[in-house]
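Read through the structure below, which is laid out as structure tokens, and then see the notes.
The values are calculated or read from the model by the stated rules, or taken from the named source; none is laboratory data. Since the structure is predicted, the reported quantities are computational estimates derived from the model, not experimental observations. A quick note on method: Cβ atoms are made from the backbone with ideal geometry, for glycine too, and the neighbour counts reach across all protein chains shown.
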Amino acid sequence: MNETLKLQHSHHSIRSYKPDPVSDEMLDAIIEAAHRAPTSMNAQEISLVVVRDAERKARIAELAGGQAWIAQAPVFITLVIDFNKTDIGVRKAGQTQVIHESMEGLVVAGVDAGIALGNLMMAARSLDLGVVPIGGIRRNPQTMIDLLGLPPLTFPLVGLAIGHIEKDAPIKPRMDIRSFRHDERYDASGYAAAIDAYDSTIMEYWKQLGRSDGISWSQNLGNSLKQVYFPQVKPVGAMQGLLNDK
Ligand SMILES: Cc1cc2nc3c(=O)[nH]c(=O)nc-3n(C[C@H](O)[C@H](O)[C@H](O)COP(=O)(O)O)c2cc1C
């Protein structure tokens, strides 16, 4: 297997970091990897805000619901939907931008941010750094917007903590790949059995880690997905001028 595949096949999130800084050279290379990522229509509607200031990271850790690893990691990057940038280009062309108000706009930005996030993660891990994506910044999006000085038509979508690994973590098992890969046509007939098997696998995984608080995958999803777990996303997104149901 080549080095790229080895990295991709061994992905695992890290939540324990050394205080050592990430060098400017490393950080520049990681960011360039995301800057090179494709975007739909070449819109380049994703921007990154790099935070290294300890106080600001501590504040983000707190508003993400008390995620200590955000404060611990020397670098925290927020991936921002940036329809403010595209709006400037659209105005220059003498047009009025509306895409930011649409479901299509949000979907496209989500896809493009995901590609950029993947590139950031791979680049960082190729330099032996650890990473963990952070959706928890959407718990308090308005505070995040204020903290990062984000203007209208922008939104903090997801973050990434990056740093030198203090304590490595084991690879988390996934559900059977047959529940992921569908050849030619979608087929959900194996899902229930795959979920049963995966619930047992995850319980075994927690046991091996000595985590007596571990719960099954379906239990965990039941707890999370029975509500809109970050209810501020919609009202704050609307206040930013996004998603007006076009
Ligand atoms: C978009 C996204 C948001 C995430 N948000 C958080 C988060 O806020 N806090 C956290 O500790 N992990 C977060 N994670 C990490 C997931 O919990 C993790 O990827 C998943 O449990 C699988 O574990 P693994 O990454 O070690 O394979 C997030 C992952 C993704 C892709």
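Tell me which residues, restricted to segment 174-188, are under 20 Å from MET203 (Cα atoms) and among the small types (Gly, Ala, Ser). Break it down into steps so the answer makes sense when it comes.
Of segment 174-188, the ones under 20 Å from MET203 (Cα atoms) are 174-177, 179.
Selection gives SER179 alone.
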For this session: Return yes when PRO74 is away from the ligand (no atom under 16 Å from the Cβ) and buried (at least 16 other Cβ atoms within 10 Å of the Cβ) and no when it is not.
Result: yes
Exercise. In the set ARG138, ARG125, which member is within 24 Å of GLU55 (Cα to Cα), within 12 Å of the ligand (Cβ to nearest atom), touching a residue at least 40 places away in the same chain (Cβ under 8 Å) and buried (at least 19 other Cβ atoms within 10 Å of the Cβ)?
Worked result: ARG138
For this session: State yes or no: is GLY110 within 12 Å of the ligand (Cβ to nearest atom), touching a Gly at 6+ places or on another chain (Cβ under 8 Å), among the small types (Gly, Ala, Ser) and in a helix (DSSP H, G or I)?
Result: no
For this session: Check off (1) more than 14 Å from VAL233 (Cα to Cα); (2) surrounded by fewer than 22 Cβ atoms within 10 Å (Cβ to Cβ); (3) over 13 Å from the mean Cα position of the chain (by Cα); (4) within 14 Å of the ligand (Cβ to nearest atom) for GLY118 and give me the number that stays unchecked.
Result: (3)
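Listed here are the residues, each with its yes/no results for (1) exposed (fewer than 14 other Cβ atoms within 10 Å of the Cβ); (2) in a loop (DSSP other than H, G, I, E, B); (3) not aliphatic (A, V, I, L, M).
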{"position": "ASP168", "(1), (2), (3)": "yes, yes, yes"}
{"position": "TRP206", "(1), (2), (3)": "no, no, yes"}
{"position": "PHE230", "(1), (2), (3)": "no, yes, yes"}
{"position": "GLY237", "(1), (2), (3)": "no, no, yes"}
Exercise. Among the residues of segment 146-158, is there at least one that is under 30 Å from THR201 (Cα atoms), near the ligand (Cβ under 9 Å from one of its atoms) and surrounded by fewer than 18 Cβ atoms within 10 Å (Cβ to Cβ)?
Worked result: no
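Taking THR86 as the residue in question, decide whether it is in contact with a helix residue (DSSP H, G or I) (Cβ under 7 Å, 6 or more places away or on another chain), part of a helix (DSSP H, G or I) and in contact (Cβ under 8 Å) with a residue 40 or more places away in the chain.
On the way: in contact with a helix residue (DSSP H, G or I) (Cβ under 7 Å, 6 or more places away or on another chain): no; part of a helix (DSSP H, G or I): yes; in contact (Cβ under 8 Å) with a residue 40 or more places away in the chain: yes.
For THR86, the condition - in contact with a helix residue (DSSP H, G or I) (Cβ under 7 Å, 6 or more places away or on another chain), part of a helix (DSSP H, G or I) and in contact (Cβ under 8 Å) with a residue 40 or more places away in the chain - is not met.
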For this session: Could you check GLY210 against (1) outside any helix (DSSP H, G or I); (2) closer than 26 Å to LEU150 by Cβ; (3) without any contact (Cβ under 8 Å) to a residue 24 or more places away in the chain and say which number it fails?
Result: (2)
Seminar exercise, completed: Among GLU184, GLU166, the single one that is modelled with pLDDT of 95 or more, acidic (Asp, Glu) and touching a Ser or Thr at 6+ places or on another chain (Cβ under 7 Å) is GLU166
Seminar exercise, completed: Looking across segment 46-67 at residues that are within 15 Å of the ligand (Cβ to nearest atom) and without any contact (Cβ under 8 Å) to a residue 40 or more places away in the chain, the single one that is surrounded by the fewest Cβ atoms within 10 Å (Cβ to Cβ) is GLY66
